[in-house]
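> Below is one structure. I have some questions about it.
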Amino acid sequence: MAGLRMGQGVLRRKPIEHIEETEVAPGERLSRTLGLWQLTAIGVGGIIGAGIFTLAGTVANGTAGPAVLVSFLIAGVASAAAAFSYAEFAGLIPKAGSAYTYGYAVLGEFAGWFIGWDLLLEYTAIVAVVAIGISGYVNFLLTETGTALPAWMLGAPGTGEGHRVDLIAVILCLFIAYLLNLGIKSAARFETAVVVLKVLVVLLVIIVGFFYVNTGNYTPFFPYGIGGAFTGAATVFFAVFGYDAMSTAAEESKDAQRHMPKAIIYSLAIAMVLYILACLVLTGMQNYTEVDPESGFSTAFKSVGLDAVANIIAIGAIVGILTVMFTFMLGVTRVWFSMSRDGLLPQWFAKTHPTRHVPTRVTWIVGVASAAIAGFVQIGEAAELTNIGILLAFVVVCTAVIVLRYRHPELPRQFRAPLMPFTPAIGVIASIWLITYLRTETWLRFAAWFAVGLVIYFGYSYRHSGLAKAERAAAGAGGSEGGPRS
């Protein structure tokens, strides 16, 4: 009997109609200040980054050749299937938490916990990995100018002789945490300005590079076969999400039900157009065998004598990738905040700053945690933590949107995913397909993190969640009315 009750408990769902702002205590509310274009900028900031400045060259050189643009197209179609599902939910459930909140409302408490707990690790690791990557660019530029930093602060232990900590990466993580704690309005202004700068740099690459394209470099277009383009898609897929982290800010949008779906679609569309045009320029300026896998665009422009443009691109890469850190730290703090407010984690974490209305406590904890990973863990090991959670979140969201469409077709939806159920089904299939490319080590790390999560869920969250407390209160009221029960 106890097992049956527990089985029912893990499946309890937060009704859609209960996810209202009136239920939120004053000290646990976020401030609604973000407009459509600020949301779109956060989405673009999360999507455009390493994909253009690093992955495009890597995949072009050794995996797909000029067909790298086909790789981005394939990844973009798969990501769009999930984006449509996120957009439908964002217009229906304008609350913080994104995939965690959607899973909780449709598939049940344990599914919500599972994806929320998973994203806490994934998003934090993404922030750390990006910080390590930026640190490498900064050190490269300093070296180019003749500035030599002490070896002890240049990387995590084991990354080089005398390395003790990646101090630049640590400082970057703490800076983003500080920025987010200024308040979402101030932070979003900074993010929007930097995203505009990043897009201008990408447009500079496309426009100037166009005049140096040699169409002969496009032949052969598929030097590694069609399979190379598909393999490349599995690699660059991790450069075409970011809207998922942006959707965690739904509760901070002025008109989330109308603006969030548009921001999700706009951000992915803008990013994909820029990705494809940039790939055409990169593989047109140089033969794919000569493309530098680490700094493709800078090297390509140096090869045609445009050293000044190459330096601008390097600086733009540093600034541009910084916005990825902002988007994903925003995402992890809002997921943690939502889980705590729902009682699945201690509600101490759900308190917001009295004037800035941001979750200061969790933001600083995430800032310190990501700084610790970035400072003392090698980038390859940290990167292993970033893949599986996003794909599982896509599977949960795409499945949930199908379930909810048939369970509650009458709910007012500001946006509807097209071609139901085929579009979200493509998202599920594409995500599962990409999961098969993950290494055994990734699964082992995920299993260890999940095991810790199970202990916390059944040891704390199952009994302390808001829905569990409501059930006990209802049972107590029922017992009082009906007299003593045996």
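The values are calculated or read from the model by the stated rules, or taken from the named source; none is laboratory data. Bear in mind that the values here come from a model prediction, so they are computed numbers and not experimental data. Ideal geometry is used to build each Cβ from the backbone, glycine not excepted, and the neighbour counts take in all protein chains shown.
> Starting from residues that are assigned to a helix (DSSP H, G or I) and among the polar types (S, T, N, Q), keep the ones in the stretch 393-431 and report whichever is nearest to the chain's Cα centre (by Cα). Talk me through it step by step, then tell me what you get.
Initial filter on the stretch 393-431 (assigned to a helix (DSSP H, G or I)): 393-407, 422-431.
Now narrow it down to the ones that are among the polar types (S, T, N, Q): 399, 423, 431.
Details: THR399: 19, THR423: 21, SER431: 15 Å.
Among them, the one singled out is SER431.
> What's the total number of residues in the stretch 102-156 that are of a type in the set (Asp, Glu) and within 13 Å of ILE373 (Cβ to Cβ)?
The total comes to 1.
> A further question on this structure: In this structure, is LEU385 part of a helix (DSSP H, G or I), of a type outside the set (Gly, Ala, Ser), at pLDDT below 90 and under 23 Å from TRP113 (Cα atoms)? Break it down stepwise before answering.
Values: part of a helix (DSSP H, G or I): no; of a type outside the set (Gly, Ala, Ser): yes; at pLDDT below 90: yes; under 23 Å from TRP113 (Cα atoms): yes.
For LEU385, the condition - part of a helix (DSSP H, G or I), of a type outside the set (Gly, Ala, Ser), at pLDDT below 90 and under 23 Å from TRP113 (Cα atoms) - is not met.
> In the stretch 156-173, how many residues are touching a residue at least 40 places away in the same chain (Cβ under 8 Å) and buried (at least 18 other Cβ atoms within 10 Å of the Cβ)?
8
> Can you confirm whether the stretch 344-362 contains a residue that is at pLDDT 95 or above, on the phi < 0 side of the Ramachandran plot and among the aromatic types (Phe, Trp, Tyr)?
Scanning the stretch 344-362 turns up no residue that is at pLDDT 95 or above, on the phi < 0 side of the Ramachandran plot and among the aromatic types (Phe, Trp, Tyr).
> How many of the residues in the stretch 153-189 are outside any helix (DSSP H, G or I) and in contact with a Ser or Thr (Cβ under 7 Å, 6 or more places away or on another chain)?
1
> Filter the stretch 123-152 for residues that are in a helix (DSSP H, G or I) and over 30 Å from GLY242 (Cα atoms); which is modelled with the lowest pLDDT?
Applying the filter and picking the extreme gives GLU144.
> Failed condition for VAL335, given (1) assigned to a loop (DSSP other than H, G, I, E, B); (2) within 24 Å of ILE48 (Cα to Cα), with all others met?
(1)
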